[in-house]
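Below is one structure, written out as C-alpha coordinates; comments come after it.
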Amino acid sequence: MNRVLFLEDDLLFADTIVDLLQENGFEVTHAPNGQSALDATYEQKFDLYLLDINVPLIDGTTLLKELRDSNDTTPAIFLTSHKDKEMLKKSFFSGADDFLTKPFDIDELLLRIKALLKRVKSDHVECVGLLCNDNTHKRILYNKKELDLSKKEYDLLVLLMQHVNNTVPKELILDTLWSRGDGGSDGALRVYINRIKQLVPQINIENIRGIGYKLVS
(Lines give C-alpha, C1' and ligand atoms only; values in the text may rest on other atoms or scores of the structure.)
Protein backbone atom coordinates (compact mmCIF):
# COMPACT_ATOMS: atom_id res chain seq x y z
CA MET A 1 0.00 0.00 0.00
CA ASN A 2 1.41 3.40 -1.00
CA ARG A 3 1.72 5.92 1.81
CA VAL A 4 0.81 9.55 1.10
CA LEU A 5 1.56 12.63 3.17
CA PHE A 6 -1.14 15.22 2.42
CA LEU A 7 -0.51 18.84 3.50
CA GLU A 8 -3.73 20.90 3.40
CA ASP A 9 -5.18 23.46 5.82
CA ASP A 10 -8.69 23.48 4.33
CA LEU A 11 -10.17 20.70 6.45
CA LEU A 12 -13.32 20.13 4.37
CA PHE A 13 -11.29 19.85 1.16
CA ALA A 14 -8.77 17.66 2.97
CA ASP A 15 -11.49 15.24 4.11
CA THR A 16 -12.70 14.89 0.51
CA ILE A 17 -9.23 14.10 -0.84
CA VAL A 18 -8.36 11.77 2.05
CA ASP A 19 -11.56 9.78 1.45
CA LEU A 20 -10.83 9.61 -2.28
CA LEU A 21 -7.28 8.35 -1.77
CA GLN A 22 -8.28 5.81 0.85
CA GLU A 23 -11.02 4.47 -1.43
CA ASN A 24 -8.32 3.96 -4.06
CA GLY A 25 -6.02 1.98 -1.80
CA PHE A 26 -3.71 4.66 -0.41
CA GLU A 27 -2.69 5.05 3.22
CA VAL A 28 -2.97 8.77 3.99
CA THR A 29 -1.46 10.96 6.71
CA HIS A 30 -3.08 14.41 6.75
CA ALA A 31 -1.13 17.41 8.06
CA PRO A 32 -2.97 20.76 8.53
CA ASN A 33 0.25 22.81 8.62
CA GLY A 34 3.82 22.65 7.37
CA GLN A 35 5.39 21.93 10.76
CA SER A 36 3.22 18.86 11.41
CA ALA A 37 4.00 17.67 7.86
CA LEU A 38 7.73 18.03 8.52
CA ASP A 39 7.37 16.18 11.82
CA ALA A 40 5.55 13.35 10.02
CA THR A 41 8.49 12.88 7.61
CA TYR A 42 10.74 12.17 10.62
CA GLU A 43 8.34 9.54 11.94
CA GLN A 44 7.83 7.44 8.81
CA LYS A 45 8.70 7.12 5.13
CA PHE A 46 6.18 8.12 2.46
CA ASP A 47 5.77 7.15 -1.18
CA LEU A 48 4.27 10.50 -2.21
CA TYR A 49 3.85 14.05 -0.95
CA LEU A 50 0.68 16.02 -1.87
CA LEU A 51 1.32 19.58 -0.77
CA ASP A 52 -0.73 22.75 -0.64
CA ILE A 53 1.43 25.89 -0.82
CA ASN A 54 -0.29 28.51 1.38
CA VAL A 55 -0.46 26.73 4.73
CA PRO A 56 0.40 27.84 8.30
CA LEU A 57 3.84 27.69 9.97
CA ILE A 58 5.87 26.39 6.99
CA ASP A 59 4.58 26.94 3.46
CA GLY A 60 4.59 24.06 0.99
CA THR A 61 7.46 25.27 -1.20
CA THR A 62 9.73 25.97 1.78
CA LEU A 63 8.87 22.57 3.26
CA LEU A 64 9.70 20.71 0.06
CA LYS A 65 12.94 22.63 -0.46
CA GLU A 66 14.00 21.73 3.08
CA LEU A 67 13.22 18.06 2.43
CA ARG A 68 15.11 18.10 -0.88
CA ASP A 69 18.09 19.77 0.80
CA SER A 70 18.18 16.83 3.24
CA ASN A 71 18.28 14.38 0.28
CA ASP A 72 14.61 13.36 0.53
CA THR A 73 13.68 12.36 -3.04
CA THR A 74 10.08 11.33 -2.35
CA PRO A 75 7.95 12.39 -5.37
CA ALA A 76 5.83 15.46 -4.73
CA ILE A 77 2.78 17.07 -6.31
CA PHE A 78 1.61 20.58 -5.42
CA LEU A 79 -2.15 21.17 -5.19
CA THR A 80 -2.73 24.91 -5.11
CA SER A 81 -5.03 27.77 -6.10
CA HIS A 82 -2.04 29.73 -7.48
CA LYS A 83 -2.19 30.23 -11.23
CA ASP A 84 0.70 32.60 -11.97
CA LYS A 85 3.81 31.41 -13.78
CA GLU A 86 6.19 32.66 -11.11
CA MET A 87 4.62 30.41 -8.48
CA LEU A 88 4.68 27.51 -10.94
CA LYS A 89 8.37 28.14 -11.53
CA LYS A 90 9.06 28.45 -7.79
CA SER A 91 7.27 25.15 -7.15
CA PHE A 92 9.43 23.22 -9.58
CA PHE A 93 12.60 24.93 -8.35
CA SER A 94 11.74 23.74 -4.84
CA GLY A 95 11.75 20.15 -6.12
CA ALA A 96 8.16 19.40 -7.18
CA ASP A 97 7.51 16.65 -9.72
CA ASP A 98 4.05 17.87 -10.73
CA PHE A 99 1.55 20.69 -10.15
CA LEU A 100 -2.26 20.80 -10.13
CA THR A 101 -4.27 24.01 -9.90
CA LYS A 102 -7.46 24.06 -7.81
CA PRO A 103 -10.18 23.35 -8.67
CA PHE A 104 -9.04 20.21 -10.45
CA ASP A 105 -10.68 17.07 -11.75
CA ILE A 106 -10.51 14.22 -9.23
CA ASP A 107 -9.84 11.64 -11.95
CA GLU A 108 -6.94 13.74 -13.24
CA LEU A 109 -5.42 13.80 -9.75
CA LEU A 110 -5.58 10.01 -9.51
CA LEU A 111 -4.09 9.59 -12.99
CA ARG A 112 -1.21 11.92 -12.20
CA ILE A 113 -0.51 10.19 -8.89
CA LYS A 114 -0.49 6.74 -10.47
CA ALA A 115 1.68 7.89 -13.40
CA LEU A 116 4.22 9.50 -11.06
CA LEU A 117 4.41 6.48 -8.76
CA LYS A 118 4.76 4.14 -11.74
CA ARG A 119 7.62 6.22 -13.10
CA VAL A 120 9.38 6.31 -9.74
CA LYS A 121 9.01 2.57 -9.17
CA SER A 122 10.65 1.89 -12.52
CA ASP A 123 13.81 3.64 -11.29
CA HIS A 124 16.89 1.52 -10.70
CA VAL A 125 16.82 -0.66 -7.58
CA GLU A 126 20.07 -2.26 -6.44
CA CYS A 127 19.80 -5.81 -5.14
CA VAL A 128 22.08 -8.25 -3.35
CA GLY A 129 20.29 -11.58 -3.56
CA LEU A 130 16.82 -11.08 -2.07
CA LEU A 131 17.94 -7.86 -0.40
CA CYS A 132 17.06 -4.75 -2.47
CA ASN A 133 17.77 -1.07 -1.84
CA ASP A 134 15.01 1.20 -3.17
CA ASN A 135 17.14 4.34 -3.12
CA THR A 136 14.30 6.59 -4.32
CA HIS A 137 12.20 5.91 -1.23
CA LYS A 138 15.14 5.21 1.10
CA ARG A 139 13.93 1.76 2.05
CA ILE A 140 15.27 -1.79 1.89
CA LEU A 141 13.19 -4.81 0.94
CA TYR A 142 13.92 -8.44 1.70
CA ASN A 143 12.10 -10.93 -0.50
CA LYS A 144 9.91 -7.98 -1.69
CA LYS A 145 8.88 -7.05 1.88
CA GLU A 146 10.02 -3.74 3.37
CA LEU A 147 12.25 -3.94 6.43
CA ASP A 148 11.35 -1.75 9.39
CA LEU A 149 14.64 0.14 9.69
CA SER A 150 15.70 3.33 11.42
CA LYS A 151 17.71 5.82 9.38
CA LYS A 152 21.02 4.60 10.83
CA GLU A 153 20.07 0.95 10.26
CA TYR A 154 19.17 1.80 6.68
CA ASP A 155 22.45 3.68 6.09
CA LEU A 156 24.45 0.85 7.65
CA LEU A 157 22.81 -1.86 5.55
CA VAL A 158 23.20 0.19 2.36
CA LEU A 159 26.91 0.61 3.13
CA LEU A 160 27.35 -3.13 3.64
CA MET A 161 25.42 -3.86 0.42
CA GLN A 162 27.62 -1.46 -1.53
CA HIS A 163 30.67 -3.42 -0.37
CA VAL A 164 29.12 -6.91 -0.49
CA ASN A 165 31.63 -9.72 0.18
CA ASN A 166 34.22 -7.15 1.27
CA THR A 167 35.06 -6.05 4.79
CA VAL A 168 33.89 -2.52 5.60
CA PRO A 169 36.23 -0.94 8.17
CA LYS A 170 34.63 0.17 11.41
CA GLU A 171 36.10 3.64 10.96
CA LEU A 172 34.26 4.06 7.64
CA ILE A 173 30.99 2.86 9.16
CA LEU A 174 31.29 5.19 12.15
CA ASP A 175 32.11 8.16 9.90
CA THR A 176 29.11 7.34 7.69
CA LEU A 177 26.57 6.85 10.48
CA TRP A 178 27.70 9.51 12.94
CA SER A 179 29.16 12.96 12.67
CA ARG A 180 32.08 13.65 14.96
CA GLY A 181 31.08 13.77 18.59
CA ASP A 182 27.61 12.43 17.83
CA GLY A 183 27.75 9.29 19.97
CA GLY A 184 29.31 6.83 17.54
CA SER A 185 31.12 3.93 19.19
CA ASP A 186 31.93 0.25 18.70
CA GLY A 187 29.20 -0.60 21.20
CA ALA A 188 26.57 1.50 19.43
CA LEU A 189 27.57 -0.06 16.11
CA ARG A 190 27.15 -3.57 17.53
CA VAL A 191 23.63 -2.64 18.63
CA TYR A 192 22.67 -1.71 15.05
CA ILE A 193 24.34 -4.82 13.59
CA ASN A 194 22.49 -7.06 16.04
CA ARG A 195 19.20 -5.29 15.34
CA ILE A 196 19.58 -5.97 11.59
CA LYS A 197 20.46 -9.60 12.27
CA GLN A 198 17.31 -9.94 14.39
CA LEU A 199 15.15 -8.44 11.64
CA VAL A 200 16.50 -10.75 8.95
CA PRO A 201 18.41 -13.65 10.49
CA GLN A 202 18.94 -15.10 7.00
CA ILE A 203 21.35 -12.26 6.20
CA ASN A 204 24.96 -13.23 6.89
CA ILE A 205 26.87 -10.30 8.40
CA GLU A 206 30.31 -11.36 9.62
CA ASN A 207 32.24 -9.58 12.34
CA ILE A 208 35.84 -9.39 11.13
CA ARG A 209 37.46 -9.01 14.53
CA GLY A 210 39.36 -5.77 15.00
CA ILE A 211 38.65 -4.60 11.45
CA GLY A 212 34.97 -4.24 10.60
CA TYR A 213 31.95 -6.05 9.18
CA LYS A 214 31.20 -7.93 5.98
CA LEU A 215 27.90 -8.73 4.27
CA VAL A 216 28.30 -12.14 2.67
CA SER A 217 26.15 -12.87 -0.36
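The values are calculated or read from the model by the stated rules, or taken from the named source; none is laboratory data. Everything numeric in this text was worked out from a predicted model, so none of it was measured. Backbone-built Cβ (ideal geometry, glycine too); neighbour counts: all protein chains shown. For the accessible areas, the whole protein counts, side chains as well, though only heavy atoms, and no ligand, DNA or RNA atoms are used. Shrake-Rupley method; radii C 1.70, N 1.55, O 1.52, S 1.80 Å.
In this structure, does residue 81 turn out to be closer than 23 Å to residue 61 by Cα, modelled with pLDDT under 85 and open to solvent by less than 20 Å² (accessible area, probe 1.4 Å)? So residue 81 fails the test.
Check residue 58 against each of (1) surrounded by 17 or more Cβ atoms within 10 Å (Cβ to Cβ); (2) within 17 Å of residue 110 (Cβ to Cβ) and name the one condition it does not meet. With respect to (1) surrounded by 17 or more Cβ atoms within 10 Å (Cβ to Cβ); (2) within 17 Å of residue 110 (Cβ to Cβ), residue 58 is out only on (2). Would you pick out the residues in region 2-25 that are open to solvent by less than 20 Å² (accessible area, probe 1.4 Å) and farther than 21 Å from residue 62 by Cα? Scanning region 2-25 gives 17, 21. Can you spot a residue in region 47-54 that is touching a residue at least 12 places away in the same chain (Cβ under 8 Å), open to solvent by less than 60 Å² (accessible area, probe 1.4 Å), farther than 13 Å from residue 3 by Cα and β-branched (Val, Ile, Thr)? Checking region 47-54: at least one residue is touching a residue at least 12 places away in the same chain (Cβ under 8 Å), open to solvent by less than 60 Å² (accessible area, probe 1.4 Å), farther than 13 Å from residue 3 by Cα and β-branched (Val, Ile, Thr). Among residues of region 22-36 that are of a type in the set (S, T, N, Q), those with a beta-carbon under 9 Å from a residue that is assigned to a helix (DSSP H, G or I) at least six positions away or on a different chain give the pairs 24/110; 24/113; 24/114; 29/37; 29/40; 29/43; 35/63.
Hey, can you tell me all the residues within region 165-217 that are aliphatic (A, V, I, L, M) and part of a helix (DSSP H, G or I)? Talk me through it step by step, then tell me what you get.
Going through region 165-217, the residues aliphatic (A, V, I, L, M) turn out to be 168, 172-174, 177, 188-189, 191, 193, 196, 199-200, 203, 205, 208, 211, 215-216.
Result: 172, 173, 174, 177, 188, 189, 191, 193, 196, 199.
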